[in-house]
Amino acid sequence: MKIRTISVNRRKAFEVRTSKGTLPYPFAKTDPRPTGADPVARVWIDKELDSEAFTYALGSRQEGTVHVEQVLEYNKDPDYLRDRLVYRLTLEAQKRVGASSLPKQEIIRRLVTPVLSAHRSDELHEVRRSTGVLAAGARLRRRSRCARAERVTARLRLRSRAPRGPLSLVPRSDGRAL
């Protein structure tokens, strides 16, 4: 995400304008920290960091840089937090799959996920994916045959059909059968 404009307000914070709107970032979170004795002399969007960060200079000629991800994290941006969670879950799933002695096909079967999407989940640059599959992968651990049998019987109980009887043929108010 690119920074469009940056300014310093009177409430001791930077105002960062992005495509998501104007987001504040307090001086207290920066290093070096501006003070009344050492104020912000200049602030600019850093083109060397592809406009994804801003740099500020204090009166004492010290400089600091703040990346847009720090601003999004401070403001608890839901898209940024979701992407960060998915990234961390991806790393954890990859670590656990690598440490597991189970073959990859068995892991895919246990996760009940399509084979193609499971193979794609190895790619870290694909951040937008089902967090449910990744959370299940992060919980992956070796289970005994006894636990597996209990899971299978629980699944079979969940798949039972709805009872068929005289009530299933009673028409609804719109004339269709239930």
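Read the figures in this text as sums done on the coordinates, not as results from a lab. Just so we're clear, the structure is a prediction, and the values are computed from it rather than from any experiment. Backbone-built Cβ (ideal geometry, glycine too); neighbour counts: all protein chains shown.
Assorted remarks:
- Ranked Y74, Y25, criterion: other C-beta atoms within 10 Å, fewest first: Y74, Y25
- Among the listed pairs K20/K95; K20/K47; K12/K76, those beyond 31 Å (Cα-Cα): K20/K95
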